[in-house]
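The values are calculated or read from the model by the stated rules, or taken from the named source; none is laboratory data. Here the structure is a predicted model, which is why all the values come from computation and not from measurement. So basically every Cβ, Gly included, is an ideal-geometry build from the backbone, and we count neighbours across all protein chains shown. Calculation scope for accessible area: heavy atoms of the full protein, side chains included, ligands and nucleic acids excluded. Shrake-Rupley method; radii C 1.70, N 1.55, O 1.52, S 1.80 Å.
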Amino acid sequence: MREYMTTRDIVGPLLLVENVVDVTYGELVELEFPNGTRSLGNVLEVNEDVALVQAFEGTRGSNPSETKVKFLGRSLELAVSKDMLGRVFDGLGRPRDDGPEIIPEKRLSIYGQPINPTARDFPDDFIQTGVSAIDGLNPLVRGQKLPIFSGSGLPHNQLAAQIARQSAVLQRGAAADEIGEPIEGEFAVVFAAMGITFEDADFFIDEFRNTSAIERAVLFLNLADDPAVERIATPRMALTAAEYLAYEKDMHVLVILTDMTYYCEALREVSAARKEVPGRRGYPGYLYTDLATIYERAGRVKGRKGSITQVPILSMPDDDKTHPIPDLTGYITEGQIVLDRNLHRRGVYPPVAVLPSLSRLKQKGIGPGKTREDHADLSNQLFGAYARGLQAKELAVILGEAALSDSDKAFVAFADAFEDRFIRQGAGEDRSVGDTLALGWELMKLLPRTELKRIKDVFVEKYLPAEEDADA
Amino acid sequence: MEQGKIVKVAGPLVVAEGLVSSRMYDLVRVGAEGLMGEIIEMRGDRASIQVYEETEGLGPGQPVEATGAPLSVELGPGMLEAVYDGVQRPLDVLEQMAGAFLSRGVTAPGLDRDKRWEFKPTLKAGDRVESGDIIGTVQENAVIEHRIMVPPGVSGVIEDLSAGSYTVTEPVGSLKTAAGDSVDLIMMQVWPVRVPRPYRKKISANEPLTTGTRVIDTFFPLTKGGVACIPGPFGAGKTVTQHQIAKWSNAEVVIFIGCGERGNEMTDVLMEFPELMDPYSGEPLVKRTVLVAHTSNMPVAAREASVYTGMTMAEYFRDMGYAVVLQADSTSRWAEAMREISGRLEEMPGDEGFPAYLGTKLAAFYERAGRVHTLATETEREGSVSVVGSVSPPGGDLSEPVVQNTLRVVKVFWALQDKLAYERHFPAIDWLTSYSLYLDKVTPYWNANVGPEFRERRDRCMGILQRESELAEIVRLVGLEALSAEEQVLMETAKSIREDFLQQNAFRDDDQFTSLSQQDKLLETILLFHEKAIEAHSKGAALKDIFAAPVRERITRAKYLDEDKLAEFDEIASDIETQLVGDGFDDDEVAVYAGGER
């Protein structure tokens, strides 16, 4: 046992320990403070006989002369077992509910290993979330990481819970114009809370409980009043559990990480305490690489049945998409679902801002066999028409409605109907992709037929609902 | 070999002492597992090493072994179709060795040592050879003939050279140098990645690298040997554009470096390239491709090396006489890796924490591109490396250091705009802010190979788009009706250029590739409509009716026409003629024909 009482400096969450022997980078550390409290930590840097240790649970109550530092010779690990399903853990993977300790099947390092790019299987199974704004225009696929960019006061939690509740994978359609039925499968939700309030966490727990989804959920909670540095470990705990369930127990795992903004702030706190050269807005220069080691743990692996799909939630400070956190996230994830304050104010739920939202994998996840042959064209057309409608509305603000051309007026009417009927839906409403597409085609009737330039003619012929009566 | 020991570990940076005879940029093996690392700083007997693998578990006292050689790549038959990480470890082989996840310390040589290749000599004993001379060939696959060259720095008289089946390390023959030494000739060359491979001389890059993407080929062309930069706020379609170039450009060899990008995107490339047919050879695209896949979650120091690994491979194929296109996606991630290492070295930072030498490194990298006369006795062998580097500016802010330093050296700038992407205008290359400094250089080629009027048509369209942006301001304020009829026609033509020419669907079979001649025809048609619309209006037809002429439908669809149906453009032209200004009708009839009111 290598135990030391040779701490020299304590700065914020960091301790500098002297005269250590055989300490390695990344090693797990147990700290015992003079008042008896214990904290876990890990080695951030080791320079000859001096180790820099970050304390996950803070340094309150410690002092240099009496703090015991024990180096454990292994890295931070999570004990995994299938019994984790239905349980609630703290941010470092210790039971937080009243249940017993987990009897581990094995212990896994929470840092994982990168998936070999040649071993990845491309995510191309459409996930039906039952939300039109997502399914119709920015579909989620299995193995994707699709964050929700939100802001304070917006209903991102409701949306994430709705996605977790309704997600289903469809069977292959028998023909190009047929949509398959949802299939039942081994499905699990891993939920990691970083710095969110008790209320928010409670909302999710309640949601899972009410729908009995809790039985197939694993929760890791680091709440707002829990130690901030612990948050650095929490998403990795969750993803380690997810990898175990996906690649060893063949489950399809949906991982919800909320709120990534607090995670990044914890990282910044440690970086500042280390006096590192800051990048933008004081965040460390390695923020991109660090976030990548979290987000890139989503995916599918050839020859394994399970998959990991990530829906991280991050609240954009001041709704600013160019802030380093959403910006770097967007560069790693495969698109983003952006929530919009104006839509929310107008009472549209879910307030998905369709234009800046994007699912990069949608081309692979939709189309004949996956959803339906016309899906890609229709979604393109809905996008284009909505964009044009919004433009025309802006114009109308300056010039007045009367100045709009006939076709612009049609697009304005379309944009309104699109927000009101297509984007808007109930928090408990589970729309099948068939219904979503039908709704899209219904809205197409508001546009002159000649404007449907992005849809192949054959599809227009086949799917555009007939006019019930002649033009008035 | 010399052995030292670790004194400090901080993330990917390890400091070791006792490596006195090692040199800067030498490769070392770190720890008991022999992790690859490279010396990047030396102070006294202490060497700072960037380690190409995860450093968890390393600590002071553990051994570091010198190799006495710089980080190098192996060049020879077997590179094509391979997938490498940033330091040329074959990922497919690692998968067989260690499974789906990348474990530390597992490694394999870049070229398969056991595979045998059919070598056919092109020279014979007694021939005098210089560095770069081709001594024989290996048909590596159905597409690429691998030309075996005398390595740089070697020359003499061939003693012996024989056809047969060899591995990359077996001698295929030998030569006698001027000093009288006998040197074995083997197929594999080893070359340090940070040193540009030599060539005889650089020549002007004046032949276009066609891509089939209309906005690029016509408006902002790249050349063989040229350098281009694609910035893009995320979601603007940067990656799709790069894939399009990899798939459709007329380069013979493609080196694709996924540098610090998404794993799933790399998988897309890995799974798609073997299935995609190369439009030029009819064989799978992957047969002319080398992939360097170093995703964002793989060790950051090796990400820094990945662009050099790719570039050295590109230069090697260039030396054989091929036109190579190297795509680096994304150079921002490369720069960030540099920044991360620089921060760990506690260097004084420049702009935004990037090291002060960022600009120098970027410029030196891009300068390795170019069209050259290669080393060889026959001086006319020509090869080229074109580079398309993408940058990912944070927050889409083009004033940040990586973009600014890149723009100083590149000649083509394809400005992707997220605003266009939101409108689903793809490729979202902004025609007003993009530029190509190769325009004048490729014009003689266009005149000779596309048509004498192509350049002029291109310039006229550019002028129309430019004018549109000026008029758009007025329209926004006072409405379209405030414009003169001629200006209204211009606005309509500009819209047609945007929708019927610039917009291109990369996922639609009949739209993803357009030949230069078809691009010329499209411009000709759009401009013809423009002229005839003005003419028709001057003869009294109402604009509304002109714009509603049925032929416009055909113009819209003209971009989807098959390459062998270009004759249809003549029909469209005659439709424009008859529908707008009539064919032998007098003025009255024109207006009637156009359905107009007077």
Rg and Dmax of the stretch B:299-400, Cα atoms, in Å?
16.0, 51
As a test of the definition: with a 1.4 Å probe, what buried accessible area, both sides summed, do you compute for B against A, in Å² to the nearest 100?
6100 Å²
In whole angstrom, largest first, the equivalent ellipsoid semi-axes that the Cα gyration tensor gives for the stretch A:133-212 are 28, 16, 10
Gap in Å between the Cα centre of the stretch B:116-178 and the Cα centre of the stretch B:356-427?
34 Å
Would you be so kind as to list the residues of the stretch A:115-147 that have their accessible area lowered by at least 10 Å² in the full protein complex compared with their chain by itself (1.4 Å probe)?
A:Ile115, A:Asn116, A:Pro117, A:Thr118, A:Ala119, A:Arg120, A:Asp121, A:Phe122, A:Pro123
Please calculate how many Å² of accessible area the stretch A:1-124 carries per residue, with a 1.4 Å probe and no DNA, RNA or ligand atoms counted.
43 Å²
Whole-Hz couplings from phi, Karplus 6.51/-1.76/1.60, listed for the stretch B:544-556; x for Gly and Pro
3, 6, 4, 5, 9, 4, x, 5, 4, 4, 5, 5, 4
Interface residues, the stretch B:253-272 - accessible area loss of 30 Å² or more versus chain alone, probe 1.4 Å:
B:Arg262, B:Gly263, B:Asn264, B:Thr267, B:Asp268, B:Leu270, B:Met271
Helix A:234-243 against the longest principal axis of chain A: what's the angle in degrees, Cα atoms only, rounded to the nearest 10?
70 degrees
Debye log10 I(q)/I(0) for chain B, one point scatterer per Cα, at q = 0.12, 0.13 Å⁻¹:
-1.20, -1.34
Which is farthest toward the positive dipole end of the stretch A:147-203 among A:Ala192, A:Ile163, A:Phe149, measuring Cα position about the Cα centre, with Cβ charges +1 (Lys, Arg) and -1 (Asp, Glu)?
A:Phe149
Against the longest principal axis of chain B, how steep is helix B:238-248, in degrees 0 to 90 to the nearest 10, with axes from Cα atoms?
90 degrees
At 1.4 Å probe size, with the rest of the protein present, what percent of the exposed accessible area of the protein assembly as shown is carbon and sulfur atoms?
49 percent
In terms of the Cα gyration tensor, with a ≥ b ≥ c the square roots of its eigenvalues, is the stretch A:274-417 rounded because a/c is under 1.5, prolate because a/b exceeds b/c, or oblate?
oblate
tail above 25 Å in the computed P(r) of the stretch B:426-584, as % of all Cα-Cα pairs, reads 33 percent
Normalised by the empirical 2.2 N^0.38 Å for globular proteins, what value does the Cα Rg of the stretch B:201-438 take?
0.97
Out of the stretch B:439-523, which chymotrypsin sites (Phe, Trp or Tyr not before Pro) are coil in DSSP terms and have no more than 15 other C-beta atoms within 10 Å?
B:Phe507
Can you check how the C-alpha radius of gyration of the protein assembly as shown compares to 2.2 N^0.38 Å, as a plain ratio?
1.00
Chain B - accessible surface per residue (Å², probe 1.4 Å):
36 Å²
At least 40 Å² of accessible area lost relative to the chain alone, listed for the stretch B:395-414 with a 1.4 Å probe:
B:Gly395
